[in-house]
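Each remark here refers to the structure printed beneath this line.
The values are calculated or read from the model by the stated rules, or taken from the named source; none is laboratory data. Just so it is clear, the structure is predicted and the values come from calculations on it, not from any experiment. Cβ atoms come from the backbone with ideal geometry, glycine included; neighbour counts cover every protein chain shown. In case anyone asks, the SASA skips ligands and DNA or RNA and just uses the protein heavy atoms, side chains included. Shrake-Rupley method; radii C 1.70, N 1.55, O 1.52, S 1.80 Å.
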Amino acid sequence: MAVYLVKTEKVIKSPIEGIRWHLDSPCNDDSVEGEELSRKGLTFQGWLLNETELPVSLVVLSGDDVIPVVVNRSRPDVIFQLLKKDPENHHLCCCGFSEKIKLKHAKFSVGMIVDGIFTELFVGSINGKFKILEGKNNWLFLDNDSNKSVEQHTGKLKLSRTAKAGWKRYLSSVSSYSSSSNIPICLLVAPSKEQVYSTYYPHKFSKNAPICKLLEIIPKDLKFIFPANELKNSEDRSFRVCDTHWTLHGARLASQLVASKLSTESLDYFDVFRQDEYRGRKSCGDLGSKLYPTRKHCEDNLVNYSYRKSVVFDNKVENFGRVIVTRNGDAVMDKTLLLFGSSSSYTMLHFMCRLYSTLVFVHTAGNVDHQVVGEVEPDYICLQTNARFVVKAPSFNDSVRNYIIQKKKAGILEPPLVMNSKHEESMHIVNYFLEMLKV
């Protein structure tokens, strides 16, 4: 649920002698939930004391909307403190107002109309927790995120020596482990939306960007996928307009590239999704939801298939530590894929579970948990992270159990989903992850 901050600023104290006012709410840096804003509106509360004979009305402006505010609430505190008079039966006692107003725009102002002349008293805006960068054609991008996406893209934030050394150790460990275990492993780095759709992005891409420096140290023997060009040249739009993540079309292409890289088969061999049906639906995404009002764009949604029909286990852990197991006897390959992925992996599940009969997704953003590998005994492993995460190297010795312990201590675990029927092939994996929840 989106939470917004209200920013306010007083423009003028009092335009006319004998007319005083005060706004109790909203206040600067007030937090308000998006559902509250859309369902009920923003509370405007205060008082307007008119000791003149002039007719005065109070209004809220939002875009082209002029919304009158009724001043009719009793405020004995104002009469007593400001006028130093007994408020009982005082003719100006009903000088207060309190209304919830639905705003159609992020910016608003409060003003008074005296003899047909409008005077702005107070201005404000509703802002998301994170700033959103608006590009060309209404494309939205991250701005002040914790990974400093803008600074990475422009090369102002470089890949540090520590991060570079960490990546070298990680990449070397992945290559060595793949060779010694005889398990094909690929590393998939989801490119940034800023790089793939740089046409719409207001900043120029730098060759000193961290992702560029990472590409320079990738070992030749590593099965590595960075599909920036493929996503850019895709017939179908590969990234969402109001979201940081790729579209289902981008996820489909990434899934096919992974399957081809891990096997000896060509990309065409895994082009098995031609009959898929899509229907456009407006979606605000993780960027559009941070704006007020929320910004939406029409995105293709898969209507003929969902990975959820193949789910046999979901531990329902939020973010890191999430585990989803699917089983599909009609998949292209009767193989098990272990996917240590990030948020970009979720849309890939719609396609991966139709390529591999057993799919085990673990949300670690490329971090490897060897205990999980030993229990799952996969035929293939895919490590997936996002380009904006590369400023910090993944870990080759992570622990999913530790993520769950931390979240259990915080009291934020939900009951898991377990489907027992007709999936005995994967029940030993499910039982392992169920035991993990008991820590």
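Across the stretch 127-145, a minimum of one residue is classified as under 22 Å from Pro26 (Cα atoms) and among the small types (Gly, Ala, Ser). If you go through the stretch 345-375 and pick out every residue that is farther than 27 Å from Ser180 by Cβ, open to solvent by 10 Å² or more (accessible area, probe 1.4 Å) and within 22 Å of the chain's Cα centre (by Cα), you end up with 3. The conditions of being open to solvent by less than 40 Å² (accessible area, probe 1.4 Å), hydrophobic (A, V, I, L, M, F, W, C) and not in a strand (DSSP E or B) are not met by Val325. Asn147 falls short on exactly one of the conditions (1) open to solvent by 70 Å² or more (accessible area, probe 1.4 Å); (2) in contact (Cβ under 8 Å) with a residue 12 or more places away in the chain, and that condition is (1).
Give Ile79, Ile126, Ile113 a once-over and let me know the one that is outside any loop (DSSP other than H, G, I, E, B), among the hydrophobic types (A, V, I, L, M, F, W, C) and under 24 Å from Ser283 (Cα atoms). Don't jump to the end; show me each part of the working.
Details: Ile79 fails: under 24 Å from Ser283 (Cα atoms); Ile113 fails: under 24 Å from Ser283 (Cα atoms).
The match here is Ile126.
Within the stretch 27-46, the set of residues being more than 17 Å from Ser98 (Cα to Cα), buried (at least 16 other Cβ atoms within 10 Å of the Cβ) and at pLDDT 90 or above is empty. Among the residues of the stretch 270-293, those identified as in contact (Cβ under 8 Å) with a residue 60 or more places away in the chain and more than 17 Å from Arg237 (Cβ to Cβ) are Phe270, Val272, Ser289, Lys290, Leu291, Tyr292, Pro293. The C-beta contact set for the stretch 384-411 (first residue of a type in the set (A, V, I, L, M), second residue surrounded by fewer than 16 Cβ atoms within 10 Å (Cβ to Cβ) and in a loop (DSSP other than H, G, I, E, B), distance under 7 angstrom, 6+ apart or interchain) comprises Ile404/Val439; Ile405/Val439.
The numbered conditions (1) part of a helix (DSSP H, G or I); (2) surrounded by fewer than 17 Cβ atoms within 10 Å (Cβ to Cβ) are all true for Trp167 except (2). The single condition among (1) part of a loop (DSSP other than H, G, I, E, B); (2) modelled with pLDDT under 95 that Phe396 does not satisfy is (2).
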